[in-house]
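The values are calculated or read from the model by the stated rules, or taken from the named source; none is laboratory data. Since the model is a prediction, treat every value here as computed from it, not as a measurement. FYI the Cβ positions are ideal-geometry reconstructions off the backbone, even for glycines, and counts take in every protein chain you see. Quick note on the areas: whole protein, heavy atoms, side chains included, nothing else; ligands and nucleic acids left out. Shrake-Rupley method; radii C 1.70, N 1.55, O 1.52, S 1.80 Å.
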Amino acid sequence: MSSVVFDHVSKVFDGTVAVDGLDLTIHDQEFMVLLGPSGCGKTTALRMIAGLETVTSGTLSIGDRVVNDIPASDRDIAMVFQSYALYPHMTVRKNIESPLVAHRGRRVDAAERERRVREAADILGLGDYLERKPGALSGGQRQRVALARAIVRRPEVFLMDEPLSNLDAKLRTQTRTEIVELHRRLGSTFVYVTHDQVEAMTMATRVAVIANGRLQQTGTPDEVYRRPANLFVATFIGSPPMNVIRGVARDNGAGLELAAAAGTLTWSTPVSAVGIGSELVAAIRPEHLHVDPAGTLDFTVRAIEQLGHERHLLGRSGDADVVVRQSSADAPIAIGESLRLRPDPAEVHLFDPATEARVD
Amino acid sequence: MASNPRSTRRAADLGWYVLLTVLSLVILFPIYTTFIRAISSPVPYLNSIKSGGGLTPVELDWGVFWRVIKEPGFYRAMLLSAGTSTIIVAAQLLTSVLAAYALVFIDFRGKKLAFALLVGTLLLPIEVTLIANIETVRDLSLFNSLVGLTAPFLAWGFGIFLLRQAFLGVPSELRDAAELDGYGHLRFLFRVAVPISRPIIGSFVLISFLAAWNQYVWPRFAADEESWQTIQVALRTFGQREVDQLNFGFAAAILSALPLVALLIIFQRQLIRGLTAGAVKG
């Protein structure tokens, strides 16, 4: 069993709270991505699992063992670092076998060691490079050596700290697939830290969104995308991000609607605890705003980004910056043009302006 | 006519060459005159100075080098210098590596103060502590002994400083990785930190050997028997000879520097790389 459980775990550095009362259960064999902007505490959380940072308060368990006071080298984990952290003076072989040599408790006989190094090197296609030094390898190959060094330990939990951020775009996509493949093959628990939502969406079985040291939401990539728990998650996930329109709820005869500076917005999901006169924040994805002369929101186009398969209209709606995603095949639009937008009522997300929590 | 950038640059290069040539001549001049005095027969040479010469050799006496090599005192002093220098270098290497490791990789109370004190010792020239140290050595009856000759130099603030810089260059993620792999302090030090810092350590060995070999003040006072004279001290007595053997001292001086010249030629690339690597990380 190799779940990882944070039970109200906090980490304080010299008075600065890096992780604030984190409650999070990472299940056995799960691919959990900790996602958040830089400085949000996700790396600190990962380093606490590794044992590279102490836990200030709360309980951290791996499997059924509380690990608060267990040294890093005695935890059944392996970690892959952003900079690969290979030993530059050792050959690839020495690097990969290092965890089996350095730690008394993990030492195995030479034949077993050779077998495991071979196995890890084969999985990652490093067989021909075993006698080279890291300096003679490309970035992608170095990252693979780091992965092999993790595999050779056969840990219960793999920890990865932004392992793709030093690779170029093409290699990143390829390595992403390889890591997912590796997870499937090994059946271990993976905890993966990134600020890149594309990595989170494509790799995770579950995502934990973290901001300001606090857990914002956990769920499958689909859940956090379709039903963000608060305004932070709504605007953090998705590219371009959701449009945010502020206004006041009022009765339009048929029900409630949001009166904003640029017009009105209606929604089809039932919303409790919203009365007439309540201030509200509506968030809506760029693809759910449609250019339509019968629309209810004013919009002035300020810039157009052509991406080939689609285009983004950047502009203003009242006091808000708004982005509209369109197909490139849609009718051409000129910069400076004033349009009307029709929001898709089924895709409007509503949040409380004070708590920023979802209200429906 | 506007000046051509290429010719401007050539002029600048030429300026540098002239400056470097002049500086080289200033530095090489004493070595040149020492060499001239070594290979000239002493009496004719002194006469040539009186008649305004002295910059060119007179009545070549190459045999002087052979006479120095056959001199038992020269041999013994060279061996003693080699012995004390080796002990000093080995001890400084060990103490610097261990102290620098603690200063970089271990958190303890008073770390900054300890570092400041260690490096602060560099501000004290040997003359400041000379009398107190000589008395200590005498009280411990360590005059005329290897311990007495080497004890004050077994640790050196400069070595600690240089190796601290080297260890600071070890990426923190590498330390983390080593911790997860299970390297203890000593294994991390000798399997990772030291091998990675090899260029700087190499240049430190060279600098340390140079300093130890060229010691004069301490061995001059810490030994009063002729058989405990290091080469730098012995050179002084070699210079005090009859007038027809005055070139003996100069020849001995040249021969005594040969081991250093050999080391410098072998390691000069490493020396430069090590010193700059300490200053500019990466």
Margin query: open to solvent by 30 Å² or more (accessible area, probe 1.4 Å) and away from chain A (no Cβ under 14 Å): which single residue out of B:D139, B:D107 fits that description?
Written below: B:D139
Checklist line | Selected residue (only one of B:L130, B:L124 is at pLDDT 90 or above and either surrounded by fewer than 20 Cβ atoms within 10 Å (Cβ to Cβ) or under 30 Å from B:L80 (Cα atoms) (or both)) | finding: B:L130
Checklist line | Qualifying residue in segment A:19-42 (condition: closer than 30 Å to B:L186 by Cβ and either of a type in the set (S, T, Y) or out of contact with any helix residue (DSSP H, G or I) (no Cβ under 8 Å at 6 or more places or on another chain) (or both)) | finding: no
Next item on the list: Starting from segment B:167-194, keep only residues that are at the interface with chain A (Cβ under 7 Å from one of its Cβ atoms) and within 15 Å of A:L86 (Cβ to Cβ), then list their pairs with residues that are part of a helix (DSSP H, G or I) and charged (D, E, K, R) whose Cβ atoms are within a distance under 7 Å, requiring at least 6 positions of separation or different chains.
Entry: B:Y183/B:R191
Check: assigned to a helix (DSSP H, G or I) and closer than 30 Å to A:L314 by Cβ - does that describe any residue in segment A:177-190?
Finding: no
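Within segment A:152-164, can one find any residue that is of a type in the set (A, V, I, L, M, F, W, C) and part of a helix (DSSP H, G or I)?
So far as segment A:152-164 goes, no, none of its residues is of a type in the set (A, V, I, L, M, F, W, C) and part of a helix (DSSP H, G or I).
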Notebook entry, point to check: Of everything in segment B:167-179 that's among the small types (G, A, S) and in a helix (DSSP H, G or I), which residue is most open to solvent (accessible area, probe 1.4 Å)?
Noted result: B:S172
Margin query: For segment A:137-152, give me each residue that is within 14 Å of chain B (Cβ to nearest Cβ) and in contact with a Ser or Thr (Cβ under 8 Å, 6 or more places away or on another chain).
Written below: A:Q143, A:R149
Check: Of all residues in segment A:46-67, which are open to solvent by less than 10 Å² (accessible area, probe 1.4 Å) and touching a Gly at 6+ places or on another chain (Cβ under 9 Å)?
Finding: A:V67
Next item on the list: Return the only residue of B:L180, B:L142 being touching a strand residue (DSSP E or B) at 6+ places or on another chain (Cβ under 9 Å) and modelled with pLDDT under 95.
Entry: B:L180
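How about segment A:102-115: which of its residues are assigned to a helix (DSSP H, G or I), in contact with a Gly (Cβ under 9 Å, 6 or more places away or on another chain) and farther than 23 Å from A:H183 by Cβ?
Across segment A:102-115, the qualifying residues are A:A102, A:R104, A:G105.
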Next item on the list: Please verify whether segment B:33-50 includes one or more residues that are part of a loop (DSSP other than H, G, I, E, B) and surrounded by fewer than 16 Cβ atoms within 10 Å (Cβ to Cβ).
Entry: no
Note to self: Given (1) surrounded by 15 or more Cβ atoms within 10 Å (Cβ to Cβ); (2) touching a residue at least 40 places away in the same chain (Cβ under 8 Å); (3) not aromatic (F, W, Y), identify the lone condition not met by A:L256.
What the structure shows: (2)
Next item on the list: Only helices (runs of 4 or more DSSP H) wholly contained in segment B:186-282 count here; list those with 2 or more residues that are crowded, with 21+ Cβ neighbours inside 10 Å, at pLDDT 90 or above and over 20 Å from the mean Cα position of the chain (by Cα).
Entry: B:247-279
Next item on the list: Go through segment A:283-326 and count every residue that is surrounded by fewer than 11 Cβ atoms within 10 Å (Cβ to Cβ) and farther than 27 Å from A:V233 by Cβ.
Entry: 4
Margin query: Just the residues that are surrounded by fewer than 16 Cβ atoms within 10 Å (Cβ to Cβ) and among the hydrophobic types (A, V, I, L, M, F, W, C), please, taken from segment A:334-358.
Written below: A:A334, A:I335, A:A346, A:A354, A:A357
Notebook entry, point to check: Within segment A:62-72, is even one residue within 14 Å of chain B (Cβ to nearest Cβ) and not β-branched (V, I, T)?
Noted result: yes
Margin query: Among the residues of segment A:116-136, are any within 14 Å of chain B (Cβ to nearest Cβ), part of a loop (DSSP other than H, G, I, E, B) and open to solvent by less than 20 Å² (accessible area, probe 1.4 Å)?
Written below: no
Check: When segment A:76-99 is examined, which residues are found to be within 22 Å of A:S188 (Cβ to Cβ), surrounded by fewer than 20 Cβ atoms within 10 Å (Cβ to Cβ) and within 10 Å of chain B (Cβ to nearest Cβ)?
Finding: A:Q82
Notebook entry, point to check: Going by the conditions given, is B:T95 farther than 18 Å from B:S256 by Cα, surrounded by 13 or more Cβ atoms within 10 Å (Cβ to Cβ), among the hydroxyl-bearing types (S, T, Y) and in the same structural domain as B:E225 (by TED's automatic domain parsing)?
Noted result: yes
Notebook entry, point to check: Considering only segment A:328-360, how many residues are in a loop (DSSP other than H, G, I, E, B), hydroxyl-bearing (S, T, Y) and over 22 Å from A:G275 (Cβ atoms)?
Noted result: 1
Check: Looking at segment B:144-166, which of the residues that are in contact with a Ser or Thr (Cβ under 7 Å, 6 or more places away or on another chain) and open to solvent by less than 40 Å² (accessible area, probe 1.4 Å) is farthest from the other protein chains (Cβ to nearest Cβ)?
Finding: B:L149
Margin query: Taking the criterion of being buried (at least 23 other Cβ atoms within 10 Å of the Cβ), outside the structural domain of A:A282 (by TED's automatic domain parsing) and either of a type outside the set (A, V, I, L, M, F, W, C) or within 22 Å of the chain's Cα centre (by Cα) (or both), would at least one residue in segment A:167-189 satisfy it?
Written below: yes
